[in-house]
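Structure record follows, encoded as structure tokens.
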Amino acid sequence: MASGPFAYVRSMPINAGPLEAVPLEAVSIKAVVWDIDDTIFDYAHADTEGIRAHLVAEDLLARYGTAAEALTLWKQTTERHWARFGAGEVDFETQRRDRVRDFVGAALDDTEADAWFARYRTHYEAAWTLFPDTVPTLDALADRYRHAVLSNSAHAVQDHKLRTLGVRDRFEALLCAADLGVSKPAAEAFHAVCEELGLAPAEIAYVGDQPEIDARGARDAGLLGIWLDRNGSAQEGPSGIHRIAALTELPALLRADTRFGAPSTFG
């Protein structure tokens with residue numbers, strides 16, 4: 001990525017043509033693209049409460065020792081199979097069924113695995129909530145920027161989630177890895193949402209909770225990468241991205257319009 005008075009902006013369409021050097025002052029952020037889980041939606045809380053309630057309802061909690069041990073195993077199993085999906089080894093439905101089989105330690109058929117997950121999902125959805133800073137930040141940015149979502153999930157899953165949470169109409173576009181056939185941090189995923197919005201990468205800020213998958217991936221694709229570090233991680237973030245501790249910091253960061261090679265703004 002170029003530094004100094006020029007930033008490289010890809011001519012549209014995003015996936016064709018050479019990169020052109022454009023004066024940095026000629027480029028401004030026109031859209032914010034969002035991750036969902038653990039960015040605007042408190043996925044960790046919902047997942048924890050959902051699996052706890054599900055195991056109690058299924059009379060399975062004692063099988064895993066303590067609740068903490070069961071929750072740890074569920075999260076590890078989720079991460080392992082989600083990584084397989086992210087790498088393109090399996091499709092979305094297969095990773096979910098394999099996650100259930102692995103967790104329960106049984107060779108369930110597809111129907112049985114789907115039924116188990118559906119019962120879990122009832123408890124999981126009951127715990128859904130947005131972070132307290134989500135709606136105020138969307139309100140603060142509503143008049144100045146366009147908004148879209150890019151998620152490493154499936155469109156049907158995330159569309160349902162955003163509608164249930166009452167914020168689907170805040171986003172003009174919703175793109176998901178399972179439907180795109182490519183996932184973050186691949187540049188093609190970020191460029192797909194650029195094409196959907198009809199904007200160059202340098203005109204878009206991407207906000208997500210993962211420093212590598214979200215912020216670095218966005219940076220490498222030419223977007224303004226913003227890492228939402230809600231937990232104050234001691235980890236040093238990638239260079240050339242911005243780091244915020246809460247979404248309430250986002251309006252001021254975007255107004256400052258600093259990008260490309262600038263240091264993290266938090267920590």
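Here are some notes:
- Expressed in Å, the radius of gyration and Dmax of the Cα atoms of the chain are 19.5, 63.
- For the range 135-206, the Kirkwood hydrodynamic radius comes to 12.8 Å, computed from all pairs of different C-alpha atoms.
- Per-q log10 I(q)/I(0), the range 116-247, q = 0.09, 0.12 Å⁻¹ (Debye; single scatterer per alpha-carbon; no solvent): -0.27, -0.49
- Placing R0 at 41 angstrom, the Cβ-Cβ distance between residue 69 and residue 245 gives a FRET efficiency of 0.85 after rounding to 0.05.
- Two-site label geometry, residue 45 and residue 256: point separation in nm, points 7 Å out along Cα→Cβ: 2.8 nm
- Lysines with Cα under 30 Å of residue 30, excluding same-chain neighbours fewer than 8 positions away: 161, 184
- The GluC sites (Glu not before Pro) of the range 95-189 that DSSP puts in a loop, and whose beta carbon has at most 14 other beta carbons within 10 Å, are 172.
- Rounded to whole Hz, the Karplus (6.51, -1.76, 1.60) HN-Hα couplings of the range 218-235, x for glycine and proline: 5, 4, 5, 8, x, 8, 7, x, 10, 9, 8, 9, 5, 9, x, 4, 7, 5
- About its Cα centre, the dipole of the range 17-128 is roughly 220 debye, where the only charges are +1 on Lys and Arg Cβ and -1 on Asp and Glu Cβ.
- Built amide H within the under 5 Å cut-off of residue 243, gap 5+: 227, 265, 266
- When the residues 164, 48, 39, 111 are ordered by accessible surface, computed with a 1.4 Å probe over the protein chains alone, the sequence from largest down reads 111, 164, 48, 39.
- Ligands, DNA and RNA excluded, the heavy atoms of residue 203 present near 40 Å² of accessible surface to a 1.4 Å solvent probe.
- Among the protein heavy atoms, those of residue 79 account for about 130 Å² of accessible surface (1.4 Å probe, every chain in place).
- Summed over all non-identical Cα pairs, the Kirkwood treatment of the range 82-194 gives a radius of 15.9 Å.
- The accessible area of residue 122, taken with all protein chains in place and a 1.4 Å probe, comes to roughly 90 Å².
- Size of electric dipole in the chain: Cβ of Lys, Arg +1 and of Asp, Glu -1, about Cα centre, debye, nearest 20: 340 debye
- Expected-Rg normalisation [2.2 N^0.38 Å, Cα atoms] applied to the range 26-106: 1.41
The values are calculated or read from the model by the stated rules, or taken from the named source; none is laboratory data. None of these values were measured; they are calculated from a predicted model. Cβ coordinates were reconstructed from backbone atoms using ideal geometry, including for glycine residues, and neighbour counts include every protein chain displayed. SASA here: full protein model, heavy atoms, side chains in, ligands and nucleic acids out. Shrake-Rupley method; radii C 1.70, N 1.55, O 1.52, S 1.80 Å.
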